[in-house]
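The structure appears below as structure tokens.
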Amino acid sequence: MRSSDHLPAGAGTRLVVVGHGPAAARLTEALAAGGFAGRVTVLGEEPRAAYDRVALTSYLSGRTAEDLTYPVPEGVELCLGRPVVGIDREARTVTTADGHTEPYDTLVLATGSSPFVPPVTGRDLPGCFTYRTIDDLDAIRAACAGARAGVVVGGGLLGLEAANALRGLGLTTHVVEMAGRLMPRQVDEGGGAVLRRHIEALGLAVHTGTGVREVVAGPDGRVAGLVTSDGETIEAQVVVFSAGVRPRDELARQAGLAVGERGGVVVDDGMRTSDPAVYAVGECALHDGVVYGLAGPCLTMAEVAADRVLGGEAVFTRADTSTRLKLLGVEVAQFGAAEGALDVTFMDPVGGVYQKLLVSDDARTLLGGVCVGDVAPYDTLRPFVGRDLPAAPGELLFTGGPAGLDVPDDAQVCSCNNVTAGRVRAAIAGEGLTDVAGIKSRTRAGTTCGSCVPALRKILAGAGVEVSTALCEHFTHSRAELFDIVRVRGITTFSRLIAEHGTGRGCDVCKPAVASILASLGGGHILDGEQAALQDTNDHFLANIQRNGTYSVVPRVPGGEITADRLIVIGEVARDFGLYTKITGGQRIDLLGARVEQLPLIWRRLVDAGFESGHAYGKALRTVKSCVGSTWCRYGVQDSAALAVALELRYRGLRSPHKIKSAVSGCARECAEARSKDFGIIATEKGWNLYVGGNGGFSPRHADLFAADLDTGGLVRVVDRFLMFYIRTADRLQRTSAWLEQQGLDHVRRVVLEDSLGICADLEAQMERHVASYTDEWRAVLDDPGKLRRFVSFVNAPQTPDPSIAFETERDQIKPVLIPLEATR
Amino acid sequence: MTVLHEPPPAAPPGTPPGEDTAPRWTPVCAYTDLLPERGVCALVGRHQIALFRTFDGELFAIGNHDPFSGAQVLSRGIVGTRGGSPVVISPMHRQTFSLATGACLDDPAVAVPTYPVRLSGGAVEVGAP
Ligand code: SRM
Ligand SMILES: Cc1cc2nc3c(=O)[nH]c(=O)nc-3n(C[C@H](O)[C@H](O)[C@H](O)COP(=O)(O)OP(=O)(O)OC[C@H]3O[C@@H](n4cnc5c(N)ncnc54)[C@H](O)[C@@H]3O)c2cc1C
Ligand code: SF4
Ligand code: FES
């Protein structure tokens, strides 16, 4: 409930926030959303605006600081690089390190926490780091460049994440953990043992039950190794401390606010400290004896504080500290209580799976659980914590529970954003949502750590909105299913497919889809025999239909690279046939306004000059755009143009569920816009970073980093597999972006990079067949009188142009004269 | 293979008796020029007529003019079935038309003309208006 005065909430109030981390960012966002009319000033210590710390590690694998940074609402005054050093509660001012004094009416402490570094000798040597900020990661990356081995002190959630990062930076990596097992706060002994095997299998050295005695320096004064409390010496040039965090309560302490015995600014349910004018939110706050080290509760605190500042009465209650993480491909999850009266355990040491459910003594109420290796129960059961079990515990572990488990409406599905199942269902029903992307944008669920996305998918399915996968009235199969049928049964004609697996004679949905499947599997020329009748008009005339029934011609210009002579040929053809000429958004040239009977004449000229079809009409590879790259550009680190040309030539003519676009940039400045492409490549000092699932169009999406620092051969192999896997499994007209969202990036990574389905050899062979059998579609038409005969406006008057087509001139080029529709209907 | 033999076109209304009331059939192409489930367009007088041969060999003729886009393109649409009856789908904005009646199945207010069509020897003839 808000106070009912008619002034806008907070008018005239000066609100000052100390710290700009995720909690502060959410606070300012919630204030803006709630229409806060006062002045908001944020004083942050870091040199950059708040960024997503949960995703911090992705900064090392290609995401930029901008990618991770939260938007700053309009009107917020952000002062960065200005740590606050003092609070004067009497005067209601804060002072920054550079001596500036800022008055406040309301103060919010959002100072987060700092990594705890055990007081051992050598902890300050060059080569020792913590793992919390982008600056930390920059420093670690620089230090790893010349290093061979690294040690992470601390085997908890963050320590393992740091270890993963060191491994990713090419170091032999050790983890030293004081407790007897890894992730002691999340998993029990059984789970720890299974986890350890996973981690060791990945090449990390795990030392448990031992601490750090000292860090030793080499002759150059930098870190050379670490001595454990067992006396063992581990050679290392980089040491990362990740031995827990301490709330940053020093300001509060110095200002005389109540702080906890073991740290943390004491707050009530409304996030107020012992001074009613001062709030504290996030990792610096101590609520009901708990300091939360997870983003979810920190963000909820920020929302509660914002509501209070706006005059509301929101309260913060003890939060869910469930965690789920995927590190080095190992999934670990813990939810609910860590101890219970009874437990039911499932263990598969061979498969590396450990799952335990904790239940009440009558075995009816679910209290919590731990999963390592396979976290399916986490997705299904987390919302049931504290409730009656939906089935017998053993059954739940073995089968994942009965299909379509109904998560109760008031159960929280997304703990990061405090969204209940009911809220998600209401959004699905009320707004007709049909996918996870819709749920994310409407409810925010799934937008932070992403671990609830599988649960969201289940709710979608349960709400019965699952869009039928049937292709159309003629086939009950999805495109992916038809693909398998055609591939496995060796079917080569639509007639046989529809006779054996469908009904009727098809339509504009299934025919082109089947045509594309046949073509992807190497079905010969797309206009051969019966296949011709499956193609829509663009594929049928190997050109794009335009609004007046004419067609456009787009010759392939691989990588956008073209000689002057070829450019002149295009110009001459356009001039001689009177075509409208335009540079496309795909780094090539479109010639528009050709009548069907002109198409072969135009292509004769183009093919003779060495051009081939650009497949602008096909659901196929379109363009691989490029920048000039290292050959010309002073910043380029690799020859992006050469790679773009090679890739375009490799994948030209490849038919797919939807069009495929690519681009290659010669350095991180990204002039080719590779991250908006289905597969985009950005040069690095060491090779190429591959990004996948980008899209412009209706729902733009930045591509995700898929693999880093590949050499050219390795890159081509990964792209071969990726594209063929997409072609096999995507729905009709589903771009890689939507397909990737549906499959999940990790799944696709496992299939393509780790060959988890054992199909990579097959995918590569299929691509090799495509590459080997490629021929230019237009040249084949010109060589085939039977196919050429179809390129006429009138079957009974092959020489006669369509009299309904007329042009006028605009800006010195032709433009169609359209017959007004009223006159034609 | 079944070939549909349409009745000859009726004499235009108001034709005086004794005038030429025989159907004005125009041969447009050989039957073998038509690919199953793929249209062609014939120019008969001012009329653009879209001709189709369905999978089971039947012949259909409708206007080539797409009433939704104004372009002469229906002969270039994909041929198939809806609910078992033969249809063509406009290549421009994908409305479906019945080959038998010319009715637009997505918009009952819209229809395109149909024309009689027959096979004479190996030749396809349409009944020109
Ligand atoms: C010619 C061109 C516009 C131009 O003058 O620059 C163009 C023209 C058409 N685009 Fe495009 N697109 C063109 C570049 C793009 C780009 C930019 C790019 O490729 O870098 C995009 C955004 C990038 C992307 O695809 O992610 C783009 C996103 C679309 C979309 C939306 C796709 C999506 O995923 O949402 C469509 C609709 C569709 O494919 O369903 C579309 C469809 C079309 C069609 C085929 C529509 C149609 O069916 O008539 C247009 C006819 C092409 C023709 O030649 O007659 N066009 N279109 C560009 C041809 C590039 C080329 O050389 O091949
Ligand atoms: C590598 C890593 C991975 C993580 N992974 C997960 C995860 O998977 N799931 C999860 O739930 N959580 C995760 N977390 C924890 C999550 O990031 C934190 O809970 C969250 O960042 C807390 O937000 P905050 O705004 O309270 O504090 P912080 O993010 O610490 O931000 C506080 C900010 O205040 C600034 N500050 C401090 N003192 C002052 C001062 N006196 N003056 C001015 N500015 C000051 C600090 O410099 C900092 O920028 C992870 C954290 C790290 C480091
Ligand atoms: S992406 Fe880099 S190499 Fe390519 S043109 Fe831009 S700045 Fe130069
Ligand atoms: S639980 Fe983290 S985003 Fe939903």
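The values are calculated or read from the model by the stated rules, or taken from the named source; none is laboratory data. What you are looking at is a predicted structure, and each value in this text was computed from that prediction instead of being measured. All Cβ positions, even for glycine, are placed from backbone atoms using ideal geometry, and neighbour counts span all protein chains on display. What goes into the accessible areas is simple: the full protein's heavy atoms, side chains included, and nothing from ligands, DNA or RNA. Shrake-Rupley method; radii C 1.70, N 1.55, O 1.52, S 1.80 Å.
Data table
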| item | result |
| --- | --- |
| Full-stretch length increase - A:ARG14, A:ARG789 - with 0.36 nm per residue and alpha-carbon distance subtracted | 271.1 nm |
| Packing rank of A:530-538, A:476-484, where each peptide gets the mean count of other beta carbons within 10 Å, highest leading | A:530-538, A:476-484 |
| 222 nm mean residue ellipticity, helices alone, for chain A (DSSP H n ≥ 4; -39,500 (n - 2.57); rounded to 500) | -8500 deg cm²/dmol |
| Other-chain or far-sequence residues with amide H under 5 Å of A:VAL152's (modelled H) | A:HIS174, A:VAL175, A:VAL176, A:VAL240 |
| Efficiency of FRET between A:ALA258 and A:ALA205 - r from beta-carbon atoms, R0 41 angstrom, step 0.05 | 0.40 |
| Relative contact order [Cα under 8 Å, 6+ residues apart], the range A:230-286, whole percent | 27 percent |
| Test item: A:798-804 mean partner chain Cβ contacts at 10 Å | 3 |
| Qualifying aspartates and glutamates (Cα of each under 16 Å from Cα of A:LYS440; at least 8 residues distant if same chain) | A:GLU431, A:GLU741 |
| Estimated inter-spin distance, A:ASP576 and A:ASP812, nm [label 7 Å along Cα→Cβ] | 2.2 nm |
| Nearest-0.05 FRET efficiency for A:ARG487 and A:GLU74, computed from C-beta distance (R0 56 Å) | 0.55 |
| Cα gyration tensor shape of the range A:619-776, rounded if a/c is under 1.5, else prolate or oblate by comparing a/b with b/c | rounded |
| Qualifying lysines (Cα of each under 22 Å from Cα of A:LYS659; at least 8 residues distant if same chain) | A:LYS511, A:LYS582, A:LYS619, A:LYS625, A:LYS677 |
| Degrees separating the helix A:421-431 axis from the principal Cα axis of chain A, which is the longest one | 30 degrees |
| Charge dipole (debye, nearest 20) of chain A; +1 at Cβ of Lys and Arg, -1 at Cβ of Asp and Glu | 1760 debye |
| Pairwise FRET efficiency - A:SER699 versus B:ASP56, Cβ, R0 = 35 Å, nearest 0.05 | 0.25 |
| Label-point gap, in nm, between A:GLU339 and B:HIS47 - each point 7 angstrom along Cα→Cβ | 9.1 nm |
| In sequence order, calculated HN-Hα J values of the range A:195-208 (Karplus, 6.51, -1.76, 1.60; Hz; x Gly/Pro) | 4, 4, 4, 4, 5, 5, 4, 8, x, 8, 8, 10, 10, 9 |
| Helix A:599-608 axis, angle to chain A major axis (alpha carbon atoms, nearest 10°) | 80 degrees |
| Relative contact order [Cα under 8 Å, 6+ residues apart], chain A, whole percent | 7 percent |
| Mean Cβ neighbour count within 10 Å, used as a protection proxy, ranking A:140-146, A:724-730 highest first | A:724-730, A:140-146 |
| Label-point gap, in nm, between A:THR95 and A:ASP288 - each point 7 angstrom along Cα→Cβ | 3.9 nm |
| Distance histogram in 5 Å bins (all Cα pairs of the range A:287-341, percent per bin) | 4, 16, 19, 19, 16, 12, 8, 5, 2, 0 |
| B:HIS47 long-range amide H proximity, modeled H, under 5 Å | none |
| Surface per residue (accessible, 1.4 Å probe) for the range A:479-535, Å² | 33 Å² |
| ³J(HN,Hα), Karplus 6.51/-1.76/1.60, whole Hz, each residue of the range A:797-803, x for Gly, Pro | 8, x, 8, 7, x, 5, x |
| Amide H partners (placed H, <5 Å) of A:LEU367, local residues excluded | A:LEU358, A:VAL359, A:SER360, A:GLY386 |
| Å³ per residue enclosed by the Cα convex hull of chain A | 219 Å³ |
| Modelled label reach - A:ALA668, point 7 Å along Cα→Cβ, the range A:108-132 residues with backbone N closer than 18 Å | A:132 |
| Extension gain from A:GLN546 to A:ALA463, taking 0.36 nm per residue of separation minus the Cα-Cα distance | 25.8 nm |
| Neighbour net charge for A:PHE611 - beta-carbon separation under 14 angstrom, K R +1, D E -1 | -2 |
| For the range A:741-825, the spread of Cα positions along each principal axis, largest first, Å | 59, 36, 31 |
| Degrees, to the nearest 10: A:640-651 long Cα axis against longest axis of chain A | 60 degrees |
| Relative contact order for the range B:64-126, counting Cα pairs under 8 Å that sit 6 or more residues apart, in percent | 19 percent |
| Tensor-based shape of the range B:36-128 (alpha-carbon gyration tensor, a/c under 1.5 rounded, otherwise prolate or oblate) | oblate |
| The range A:546-561 - phi-based ³J(HN,Hα) in whole Hz, Karplus 6.51/-1.76/1.60, Gly and Pro as x | 10, 5, 9, x, 8, 10, 10, 10, 10, x, 6, 10, x, x, x, 8 |
| For the range A:184-266: rounded, prolate or oblate by the Cα gyration tensor [a/c cutoff 1.5] | oblate |
| Linear extension gain, A:ARG148 paired with A:LEU745, 0.36 nm per residue minus alpha-carbon span | 211.9 nm |
